[in-house]
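The values are calculated or read from the model by the stated rules, or taken from the named source; none is laboratory data. This structure is a prediction, so every number in the text was calculated from the model and none was measured. So basically every Cβ, Gly included, is an ideal-geometry build from the backbone, and we count neighbours across all protein chains shown.
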Amino acid sequence: MPHNPETTMTEPRGPKPSKSFSRRNIIIYGLLLLAVFYYILPLYVMIVTSLKGMPEIRLGNVFAPPVDITFEPWVKAWGSACTGLACDGLQPGFINSVKILIPSVVISIAIASVNGYALANWRFKGSEVFFTILLFGAFIPYQVMLYPIVILLRELGLFASLGGIVLVHTIFGMPILTLLFRNYFASVPEELFKAARVDGAGFWGIFLKIMLPMSLPIFVVALILQTTGIWNDFLLGVIYAGTKNFPMTVQLNNIVNSTQGVKEYNVNMAATMLTGIVPLVVYFISGKLFVRGIAAGAVKG
Amino acid sequence: MAQSQRPSSLFRNLSAKIAAIPMILTALVIFVGCTVWTVVYSFTKSRMLPKEDFVGLMQYERLWATKRWLVSVENIAIYGICSLILSLVIGFVLAALLDQKIRFENTFRTIFLYPYALSFIVTGLVWQWILNPTFGIQKVVRGWGFEDFTFDWLANTDYVIYAVLIAGLWQGTGLVMALMLAGLRGIDEDIWKASRVDGIPSWKTYLFIVIPMMRPVFVTTLVIIAAGIVKVYDLILAQTSGGPGIASEVPAKYVYDYMFRAGNLGQGFAASTMMLVTVLIILIPWVILEYGGKKNAS
Amino acid sequence: MKFKHTLAAAAVALTVGTANAADIEVTHWWTSGGEAAAVKVFADSFNAMGGDTWVDGAIAGSGGVARPVIVSRILGGDPMGATQLNHGRQAEELVEAGLMLDLTELAEKEGWRDIVRPSSLLDSCTLDGKIYCVPVNIHSWQWMWTNPGAFEAAGTEAPANWNDFVAAAPKLQEAGIVPLAIGGQPWQINGAFGVLAVALGGTDLWKAVNVDKNAEAAGGAEMAKVWEAFGAARELATGSAVEQWNEATNLVLTGKAGAQIMGDWAQGEFSVAGKSAGTDYDCLPGLGLETVLSTGGDAFYFPVNDDAEVTAAQMKMASMMLSKSVQVDFNLAKGSLPVRGDVDLSAANDCMKKGLAILENPDNILPDGTQVLSPDTVQQIDDLLAEFWATASMSAADAQARYADLIGDAD
């Protein structure tokens, strides 16, 4: 960690504020609070709406706090909202999402870290070409590749299986992750690397003994990016995972888009929040590490 | 920045190549292979299933004569440019504000960053709900007594894309802020001290010294934002479904709709090839600049 | 197909495990109240036959979301047991590629040719003389659903046809009632346009445009009247800011809107809400001007499967779907008409009876838009009509010119 926020924070950046209600402070906090309003508003609306009953939603406005707090929508969204004949709510999707998430995150990060390491420290003829192609891959719309990948997975016998969806997530996560790891490993001091070479350590030896122990921050970044990306994926899950593995987002779509009579906004909002809880928790826990990891990984070019 | 004398060329190693096999396979089979496949079939008359029935540029002629495609291209251009500029500006300003030795930095940062944890589907749904003229902000403000207040971007064909932008920025600027903050924290303290000694106002220090030093951060950020823009699909689907009418259609949705809903793969492939070409036109100069420069440095 | 499907867990538990039983996953996009009730008829009847189990694979979001999933699964070698698709040209290529089960033998044994009416439904399932799908219902688009109460509240009479309705519209607007409720999704706008075209332009014009793809007719003076009326409808619908069709139906049902142009499946929503035809709501086939109905509908296809047990179960399901009692119960729930003419429909309500009476005369029967136009053409017309509908400044004449081009290029 070359730049620890704690140490840099001890030095003020601008002119030292003389009193806490200086004009400067008012402007800074004013702007920040304005931004907070923009970022918090949707979360507030989601929570408030999910706690109201339908009659109250129809009469009141979106921002009014609930008069009669009810947890019914949450219960329904989790366990009994219907799509067609199945009235299981989001529950089955949650387990499927976990089953997709864990292997996908582990495998994609394992592969991308080794890739990044090879690209940064063991360049071979053509490695930059492959990396460039990989980067282009980050920009190719998924739609372009949906079709051929269906055929590819069919030939591999992985279509509509857990293995298939894990493979697809690994592939699509590779460009950005490889970029992050490559940049991170490239910033490791040359001397360390050379010393290890002199001691006779090989490709894997250096990776495991020197690189891994010092790369916690970038692993945290990768973990967060992948967790949110994979958890929130809808398109790949609905096409490649197969009905028995449908992730939670597919169930969310099903609940939100099946209206039986009127739209139950409160259930939709509760379902929406339930679906978002896993990545949100990951963020709230590791937000600080995330910024630090980014400082270490993404910032160096 | 690139350190001089990488050992790479000296220690050519088999393990490195073996380790890179997954990447090479992905690059060649998926990104090159599937893309080439798509480009080839864009010259065919494939309907629901791919067929080798070549028709030259027919799909492209039809594509560029289609109003919906033109609207889609215009929308992604507006959305792309606005989102790129505003993400960078808002992200940087927020980061700079957070970097002023303020109280509750962690709280502020978490608040700005949490939307990034939510999917575009969720983002689209919530903002559709807030911006909906019949029960969202418009109704609330009218309820306060401003009867003439109108804020109906979602229902307005001219402004709907900006309503999508509001939602997109909400979701994505937090990440940009985090990247920028990381960049700011990476700036050497001495630079600040020096500029203070010289009496340079802080805004000038930011603009002329700090930002140029943060070039790598801006590049990474740009890549991440731009990659997201090209793929904008879920957000539109959840927030507007392309409506009202076709006013908020985007290319990725055109591709999807024509491939799967209309069962016209050829047309969808042609549209996706155009997206790809655009990406290449934008990316190639950047790649040449980046890597051309690096080669000279090392 | 031997996986323990989570969604099916409940259903599996209920079934007595017999030998040679197969789980048949059925994909469909029927998720509204009336639709779900109709699916339940199928599922219950199938499960009651013993042995095999109906595994419900509903995918919400209508055909646009569900169809790619369905098609990619069939292509990807993970076929479901059975799947809903609309009649007509949607599955054409899948059948040609040999991915669908040939039902000809069963059809001959049960004499589908003799019982399915109108015969065009079975024709849509037929390729090279072989039958590949089971038509389960007849849906017609040409209906306007009105709420007489809403007109009364506005101090005017409930309309008997489109012209009355247009005349009464200002009164409705004065009373704060939206005259015409139409969801914002393009297929609904396209549907309403088709209904107006038949009702105001007549059957011959409709056929010239949609069947013969005559660009001149599409751009002609007769069609211009239809476009003018469609432009007027656009104004009458201002203020109905809903997306889905059943939300629009709900506006009519609750008296917030006067009328909706929508296919007969809208009736499923009225009956789920406990409303009765003739009093709480009324229906005007052909907008009260032209007594024709199109006969589109839903059909079930059975993807080819290696497992003999599954194939046997598929045949069983196909047969069940066409059986007399299932046809009656299913269609009453769905608001559609049965495909067999030999069933007892005394339970049908007034609106369904009106529909049945119209279908008695073969001259009144139109093919459905999806049977005569390719999905590609339908999509392009969807795009055009959606643009027109949302863009108040777009003139009917401009839109018509582009429409004529699309029809001219249609295949």
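At-a-glance table
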{"read-out": "Some residue of the range C:299-322 being over 25 Å from C:Pro159 (Cβ atoms), of a type outside the set (Lys, Arg) and under 14 Å from the mean Cα position of the chain (by Cα)", "value": "yes"}
{"read-out": "Those residues of the range B:178-203 which are within 9 Å of another protein chain (Cβ to nearest Cβ), touching a residue at least 24 places away in the same chain (Cβ under 8 Å) and among the hydrophobic types (A, V, I, L, M, F, W, C), in sequence order", "value": "B:Ala178, B:Leu179, B:Leu181, B:Ala182, B:Leu184, B:Ile187"}
{"read-out": "Among the residues listed as A:Val166, A:Val114, the single one being at the interface with another protein chain (Cβ under 7 Å from one of its Cβ atoms), under 23 Å from the mean Cα position of the chain (by Cα), touching a residue at least 24 places away in the same chain (Cβ under 8 Å) and part of a helix (DSSP H, G or I)", "value": "A:Val114"}
{"read-out": "Unmet requirement for C:Asp44, which otherwise passes all of (1) within 7 Å of another protein chain (Cβ to nearest Cβ); (2) touching a strand residue (DSSP E or B) at 6+ places or on another chain (Cβ under 9 Å); (3) surrounded by fewer than 22 Cβ atoms within 10 Å (Cβ to Cβ)", "value": "(1)"}
{"read-out": "Count - residues of the range C:382-405 that are surrounded by fewer than 23 Cβ atoms within 10 Å (Cβ to Cβ), within 14 Å of chain B (Cβ to nearest Cβ), touching a residue at least 60 places away in the same chain (Cβ under 8 Å) and not small (Gly, Ala, Ser)", "value": "1"}
{"read-out": "Positions within the range B:204-223 being at the interface with another protein chain (Cβ under 9 Å from one of its Cβ atoms) and surrounded by fewer than 20 Cβ atoms within 10 Å (Cβ to Cβ), in sequence order", "value": "B:Arg215, B:Pro216, B:Val219, B:Val223"}
{"read-out": "Where a residue in the range B:57-82 is under 18 Å from C:Ile381 (Cα atoms) and free of Cβ contacts under 8 Å to residues at least 24 places away in the same chain and its partner, wherever it lies, is among the aromatic types (Phe, Trp, Tyr) and in a helix (DSSP H, G or I), with Cβ under 9 Å and at least six apart", "value": "B:Thr66/B:Tyr254; B:Leu70/B:Trp64"}
{"read-out": "Which listed residue, of C:Leu85, C:Leu103, C:Leu99, is more than 13 Å from chain A (Cβ to nearest Cβ), at pLDDT 90 or above, buried (at least 18 other Cβ atoms within 10 Å of the Cβ) and under 30 Å from C:Gln379 (Cβ atoms)", "value": "C:Leu103"}
{"read-out": "Residue within the range A:131-138 that is away from every other protein chain (no Cβ under 11 Å) and in a helix (DSSP H, G or I) present", "value": "no"}
{"read-out": "Subset tally (residues that are surrounded by fewer than 23 Cβ atoms within 10 Å (Cβ to Cβ) and not in a loop (DSSP other than H, G, I, E, B)) for the range C:209-226", "value": "8"}
{"read-out": "Matching residues, the range B:86-113, being within 19 Å of B:Ala226 (Cα to Cα) and modelled with pLDDT under 90", "value": "B:Leu113"}
{"read-out": "Some residue of the range C:193-202 being part of a loop (DSSP other than H, G, I, E, B) and not basic (Lys, Arg)", "value": "yes"}
{"read-out": "Residue in the range C:354-365 that is acidic (Asp, Glu) and in a helix (DSSP H, G or I) present", "value": "yes"}
{"read-out": "Filter result (within 14 Å of chain C (Cβ to nearest Cβ) and under 14 Å from the mean Cα position of the chain (by Cα)) within the range B:68-98", "value": "B:Asn75"}
{"read-out": "Some residue of the range B:245-258 being without any contact (Cβ under 8 Å) to a residue 24 or more places away in the chain, farther than 30 Å from B:Ile130 by Cα, of a type in the set (Ser, Thr, Tyr) and within 14 Å of chain C (Cβ to nearest Cβ)", "value": "yes"}
{"read-out": "Filter result (β-branched (Val, Ile, Thr) and at the interface with chain B (Cβ under 10 Å from one of its Cβ atoms)) within the range A:169-205", "value": "A:Thr170, A:Ile171, A:Ile176, A:Thr178, A:Val188"}
{"read-out": "Contacts under 6 angstrom Cβ, first residue in the range B:106-122 being surrounded by fewer than 21 Cβ atoms within 10 Å (Cβ to Cβ), partner not in a helix (DSSP H, G or I), 6 or more apart", "value": "none"}
{"read-out": "All positions within the range A:209-233 that are assigned to a helix (DSSP H, G or I) and polar (S, T, N, Q)", "value": "A:Gln226, A:Thr227, A:Thr228, A:Asn232"}
{"read-out": "Residue check for B:Ala262: over 30 Å from B:Asp99 (Cβ atoms) and in contact with an Asp or Glu (Cβ under 7 Å, 6 or more places away or on another chain)", "value": "yes"}
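Residue-wise test of (1) within 14 Å of chain A (Cβ to nearest Cβ); (2) within 26 Å of A:Leu177 (Cβ to Cβ); (3) of a type in the set (Lys, Arg).
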{"position": "B:Ile30", "(1), (2), (3)": "yes, yes, no"}
{"position": "B:Thr44", "(1), (2), (3)": "yes, no, no"}
{"position": "B:Arg47", "(1), (2), (3)": "yes, no, yes"}
{"position": "B:Glu52", "(1), (2), (3)": "no, no, no"}
{"position": "B:Thr66", "(1), (2), (3)": "no, no, no"}
